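The values are calculated or read from the model by the stated rules, or taken from the named source; none is laboratory data. The structure presented is a predicted model; accordingly, all values stated were derived computationally and were not measured. Please note: Cβ atoms are built from the backbone with ideal geometry, for glycine as well, and neighbour counts cover all protein chains shown.
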């Protein structure tokens, strides 16, 4: 993202004039995230402490670690979905293109349109396939014809068009698990986010569907920054350009190593990490 | 293994007991409806619906009574539905987003109010609406009293229905930056609709069959109501009066009861049909 002639997908983003600026004075859109001294607490219990991580634009960053180390909490902090949790408190900074998303003045709707999310279990709304895709786009300010065009585009990108073109008005809940997850991906992509957060998107899918979603994520990473939480080390190896490993220290989650995925997997500097990769600890 | 378990004595006993219970409910319902139909159909005719009551209801029909009943129920629903839905939304909002002491207290108060006998609401309505707010014994006072009476039940049922909307839908909507209004209209309402409709119809049934609270507030004159501040007699009050106070009024009471049941049935079917149509429109299926 250095050449000035490079096409910026942000310019295609729906409702760009009104929704892109999440706080005053932040206009650049590269999809770069910088997390500085992030701590997350639920009431008195601290679940993440002093997390520092730079997520480079248009690459896949894998977030790894055992269960309960705060990977999903970290992911949901990036789009402030943690605000839905009772008594959750965030400290530190999360800079999206230099703009602190933890600022109390941050426009959460605009932030979440820029930072899309796909969940562990597919969660299409109990609406038709068409309405699932049109609803967020219409809410973001696209008119009906623009939204229809974009719908077809994202369905083609996710490889769903040929499978659902003749039944767009059927309930999304009639789709298979893999199709539902791709629909959720398409729904998130319909808003042309700069960043896509994926919380173990393949964990509820069969191997074939997982492969399809993985190929899709690789394709999408050309234009979108992807942050993926995964338990699956093999999947992280296949997908990730960058990686960060979360670990429990004194009952609180923190990052023990991060950097280019190849370096992390081949030459882990931390002995805990080496043991974990070797399968000696869980 | 499963067969062996299902053939065990306690299992068989449970199956027999539940079947007997179901049969008992069915028998009570059949006895009630056939008894009513047999005594009421004799008196029931189109003119019974169309004519005004004569000789304290022994003769003529129930047209003015139906008008008063419709007006009282309309006022009751007009007030109670938005208020109860708003309150249920507030409760759900608090329960999902934060630990709220206010919500718990409100729920306890509502549960207590829902258990109060209707005659207490009648006394409350008479004091507040009829006397203090100077509405007199009127359709308006009756409707408002009924609204107060069914409000706790409606809030409870609406709150339960909203609670059953899966968190994953709400998190999905929030992650897409969907506005609260659009989330409510397109996702929460269609998902909670069966529960909301069941709650609405249950409370409507309770309001439509209420007698005690209305005796104190909307009065029991059988004349044609000319305004909302006029007194009026509702169907349950009419049935009560014919059965208890009017010699020879039993046939008209049974016929009125059949009409009341038919009205509730029609409202039920129409409401479910309209709700189904609306859900289909919103979901785009």
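Look at (1) at pLDDT 90 or above; (2) under 18 Å from the mean Cα position of the chain (by Cα); (3) under 29 Å from residue A:158 (Cα atoms) and you find that residue A:258 fails only one, number (3). Those helices (runs of 4 or more DSSP H) of segment A:104-203 in which at least 1 residues are more than 9 Å from chain B (Cβ to nearest Cβ), considering only elements entirely within it, cover A:129-139, A:144-157, A:161-164, A:177-189. With respect to being surrounded by fewer than 16 Cβ atoms within 10 Å (Cβ to Cβ), at pLDDT 95 or above and in a helix (DSSP H, G or I), residue B:144 falls outside the description.
Taking segment B:171-180 on its own, how many of its residues are surrounded by fewer than 20 Cβ atoms within 10 Å (Cβ to Cβ), within 9 Å of another protein chain (Cβ to nearest Cβ) and out of contact with any strand residue (DSSP E or B) (no Cβ under 9 Å at 6 or more places or on another chain)? Selection size over segment B:171-180: 1. Segment B:1-114 holds helices (runs of 4 or more DSSP H) entirely within its bounds, and those carrying 2 or more residues that are surrounded by 13 or more Cβ atoms within 10 Å (Cβ to Cβ) and touching a residue at least 24 places away in the same chain (Cβ under 8 Å) map to B:9-40, B:46-50, B:63-97, B:101-114.
Quick check on segment A:70-92: of everything there that is assigned to a strand (DSSP E or B) and either buried (at least 16 other Cβ atoms within 10 Å of the Cβ) or in contact (Cβ under 8 Å) with a residue 60 or more places away in the chain (or both), which residue is farthest from the other protein chains (Cβ to nearest Cβ)? Only one residue tops the list, namely A:92.
Go through the residues of segment A:48-66 one by one and say whether even a single one is more than 15 Å from residue A:191 (Cβ to Cβ) and within 13 Å of chain B (Cβ to nearest Cβ). Within segment A:48-66, none of the residues are more than 15 Å from residue A:191 (Cβ to Cβ) and within 13 Å of chain B (Cβ to nearest Cβ).
Just to be sure before I move on: is residue B:211 touching a residue at least 24 places away in the same chain (Cβ under 8 Å), away from chain A (no Cβ under 14 Å) and surrounded by 21 or more Cβ atoms within 10 Å (Cβ to Cβ) in the structure I sent? It is false that residue B:211 is touching a residue at least 24 places away in the same chain (Cβ under 8 Å), away from chain A (no Cβ under 14 Å) and surrounded by 21 or more Cβ atoms within 10 Å (Cβ to Cβ). Given the criteria surrounded by fewer than 23 Cβ atoms within 10 Å (Cβ to Cβ) and either more than 14 Å from every other protein chain (Cβ to nearest Cβ) or within 18 Å of residue A:230 (Cα to Cα) (or both), does residue A:99 qualify? Yes; evaluated as a whole, the condition is true for this residue. Of the residues examined, residue A:31 is one that is outside any strand (DSSP E or B), at positive phi, modelled with pLDDT under 80 and away from chain B (no Cβ under 14 Å). Only one of A:10, A:5, A:24 is at pLDDT below 95, under 28 Å from residue A:138 (Cβ atoms) and part of a loop (DSSP other than H, G, I, E, B); which? Going through A:10, A:5, A:24 in turn, the sole match is A:24.
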